[in-house]
Amino acid sequence: MTTGVTTVASRAVAAVDGYFADALDALEAWRLDIAGDIAAARRSGPVTTSRLDALVAPYARQTLDTPGISVYGAGFIAAYDSLADAPSHLAWWQGPQRARLTLANQAINKGNIDYSELEWYRVPLLTGEAHIAGPYVDYLCSDEYTITVAAPVRIDDVFVGVTGLDLLIDTVERDLTPRLALLGADITIVNTAGRVVVSTNHRLATGESLRGDAYRDTERVPCLRTPLEIVLV
Amino acid sequence: MPASTTTPSRRGEPSRLQSAVFQPIGDAGRAALVERRIAEAITGGVLAPGTKLPAESELARLFGVAPATAREALHSLRERRLVVTRRGRSGGSFVAETANAAEFATRALCAMSRVALRDLAAHYLAVTGACVALAAQRADPSEILRIRGRLDRYTGNDPLTWRRLADDAHLEISALSQSARLTREQMRLQAEFSPFLALVDASEADRDRSRSQLLAVLDAVAAADSAAATGRVRESIMDAVDRLIDHRAELARS
């Protein structure tokens, strides 16, 4: 690798890490607070979906207002069987109206959809670390092509759910691609599955996979704070 | 073609597209819209018998209508015997126990012409086929394994559980297309088509057949074979439609 290439890649890493740091920090800001709030609520009686909604609402509003990034949706997703009146629950607000999400009220009954295996729930549960999931078509919440940033919440070492926020890929493309374009080379951001998040290369579509022989020897530079990689194609 | 028919002209007749913009929206009131949304969910099996509906004020908030409008919609649903309202502490509005989705689907099937049924299937195939073709190019094999794993873990043969599992699997495969538009359209069509698929999957043998068809689609997507994936979706939909038409003919005879 030449020095020039190294420089471009490391600058791209800094740009991507910087962009997603705002999202990670926005969740880290209330991850411990909500754990404390839920623990306190438990001491005064069973925690129901509506009590959880009331606890999460101010944090969700604050997250939707995060400066520097356009957050489409935010909230807290309860661990399975952690609430008194429902097996699962999303305390979630989204969209221009910041409407509370009601799954049972949609075209198909999304209330039955099992989220325990979805990336934004599964990975923070498994690793105990914040995660950047996607890009993926979020058929549960936004119905849009989305990246979800999620961080695990624990009370006395027991997993009780994840805090999360949604970024529409549409927004990520608008916000992040111009910063990468300044670096003067073709830069593609992929996730760990090799899926393109955004690219300054006009011929590479978001959602495509950089797999197969054509990309076998292309070097990938991992980001430092985020599970994303920089590819100079 | 003269320019005036395709582009908006400042003085002359409006184009046909322009005229279409100002067609009457229809006088279906907001209460009727709320009623139709809930009725479709009940007859489609989305809201199962016994499900508690949100309270009147909550319904009004969810739909963004006045409380009086929600009340009017609930009143009509009670008259249609789709909803019952009980008083008291554990009271509220519930989907009627007699609101049997299979019966509604059977009635809808009998009322539907063969041409309409085949047209619905053609639409469903166009969208689902496009979804799986893209998914085959874009999905990571681990994502397919996860869907497969969920299908494999369910070894029971309960019709309702199988229907939900199959609907979820279709939705997940479609989402792997990475296309939000196609996935939304697939969701809409799945809601419309799924009650009919439930009729197709009435017996244990029928459900086994549908399961192997679904697994065959997953295999093709995992093998990154777009053509095979679309082909297998086509085969399973055509098979389902044939079985529906046979079923319909049987019902007509009896």
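The values are calculated or read from the model by the stated rules, or taken from the named source; none is laboratory data. Since this is a predicted model, take the numbers as computed values, not measurements. Don't worry about glycine lacking a Cβ; one is built from the backbone with ideal geometry, like all the others, and counts go over all protein chains shown. Heavy atoms of the whole protein, side chains included, go into the accessibility calculation; ligands, DNA and RNA do not. Shrake-Rupley method; radii C 1.70, N 1.55, O 1.52, S 1.80 Å.
Across all Cα atoms of region B:151-244, the radius of gyration (one decimal) and Dmax (whole number) stand at 12.8, 34 Å.
Accessible area per residue (1.4 Å probe, heavy atoms of protein chains only) ranks B:Leu145, A:Leu118, A:Leu182 as A:Leu182, B:Leu145, A:Leu118, with the largest value leading. Computed over protein heavy atoms with a 1.4 Å probe, the carbon and sulfur contribution to the accessible area of region B:30-99 reaches 49%. Here r is the Cβ-Cβ distance between A:Asp85 and A:Asp213 and R0 is 45 Å; the resulting FRET efficiency, rounded to 0.05, is 0.25. Here the sum of -39500 (n - 2.57) over DSSP H runs of 4 or more residues, divided by the residues of chain A, equals -11500 deg cm²/dmol at 222 nm, to the nearest 500. Taking amide H as placed 1.01 Å from N in the peptide plane, the amide H of B:Thr51 sits under 5 Å from that of B:Val95, each at least 5 places away or on another chain. Couplings for region A:57-64, taken from phi via the Karplus curve 6.51 cos²θ - 1.76 cosθ + 1.60 with θ = phi - 60°, read 3, x, 5, 5, 4, 4, 5, 5 Hz in order; Gly and Pro are left as x. Rolling a 1.4 angstrom probe over region A:172-231 with all protein chains present gives an accessible area of which 47% lies on carbon and sulfur atoms.
Each of B:Met187, B:Met112, B:Met238 has its accessible area taken with a 1.4 Å probe; listed largest first, they run B:Met238, B:Met112, B:Met187.
Placing one equal scatterer on every Cα of region A:1-157 and applying the Debye formula, the log10 ratio I(q)/I(0) at q = 0.13, 0.15 Å⁻¹ is -0.65, -0.84.
Extension gain for the segment B:Arg71 to B:Arg188, taken as residue separation times 0.36 nm less the Cα-Cα distance, is 39.4 nm to one decimal. Each residue was assigned an accessible area with a 1.4 Å probe, and for A:Asp143 the value is about 30 Å².
The stretch between B:Val115 and B:Leu145, if pulled fully straight at 0.36 nm per residue, gains 7.1 nm over its current Cα-Cα span. Only one residue of A:Thr127, A:Ala214, A:Pro178 has its Cα farthest out toward the positive end of the dipole of region A:120-233, where Lys and Arg carry +1 and Asp and Glu -1 on Cβ, and that residue is A:Ala214.
Normalised per residue, the accessible area of region A:14-169 is 38 Å², obtained with a 1.4 Å probe and no contribution from ligands, DNA or RNA.
Dividing the C-alpha radius of gyration of region A:102-195 by 2.2 N^0.38 Å, with N its residue count, gives 1.27. The residues packed around A:Asp175, meaning those with a beta-carbon under 15 Å from its beta-carbon, carry a net charge of -3 if Lys and Arg are +1 and Asp and Glu are -1. Annotation: B:His75 carries an accessible surface of approximately 100 Å², with a 1.4 Å probe and no ligand, DNA or RNA atoms counted. With the convex hull drawn over the C-alpha atoms of region B:30-99, the volume per residue is 76 Å³. Look at the stretch B:175-183: the mean tally of other chain Cβ atoms within 10 Å of its residues' Cβ atoms is 6.
About its Cα centre, region A:172-231 has a charge dipole of approximately 140 debye under the convention of +1 per Lys or Arg Cβ and -1 per Asp or Glu Cβ, with nothing else charged. For chain A, the relative contact order is 20 percent, taking Cα pairs closer than 8 Å that sit 6 or more residues apart in sequence and dividing their mean separation by the residue count. The smallest convex shape that holds all Cα atoms of region B:51-158, its convex hull, gives 223 Å³ per residue.
Amide H contacts of A:Ile155 (H built 1.01 Å from N, in plane; Pro and chain starts excluded): A:Val160 sit under 5 Å, all sequence-distant by 5 or more or on other chains. In region B:202-254, inverting the average of 1/r over every pair of distinct C-alpha atoms gives 12.1 Å as the Kirkwood radius. The figure for A:Val71 is an accessible area of roughly 20 square angstrom, using a 1.4 Å probe on the protein chains alone. Does a label point 7 Å from the Cα of B:Met238, set along Cα-to-beta-carbon, have any residues of region B:200-218 with amide nitrogen under 13 Å, and which are they? Backbone N within reach: none found.
Shielding by partners for peptide B:140-147, expressed as the average number of C-beta atoms from other protein chains within 10 Å of each residue's C-beta, is 2. For chain B, adding -39500 (n - 2.57) for each run of n ≥ 4 DSSP H residues and dividing by the number of residues yields -23000 deg cm²/dmol at 222 nm. Global dimensions of region B:148-204 from alpha-carbon coordinates: Rg and Dmax equal 12.2, 34 Å. On a per residue basis, the convex hull of the C-alpha atoms belonging to region A:172-231 measures out at 89 Å³.
For the chain pair A and B, buried accessible area totals roughly 2400 Å², probe 1.4 Å, rounded to the nearest 100. Residues B:Lys52, A:Lys110, sorted by accessible area with the largest first, give B:Lys52, A:Lys110 [1.4 Å probe; ligands and nucleic acids excluded]. Computed over protein heavy atoms with a 1.4 Å probe, the accessible surface of chain B works out to 56 Å² per residue.
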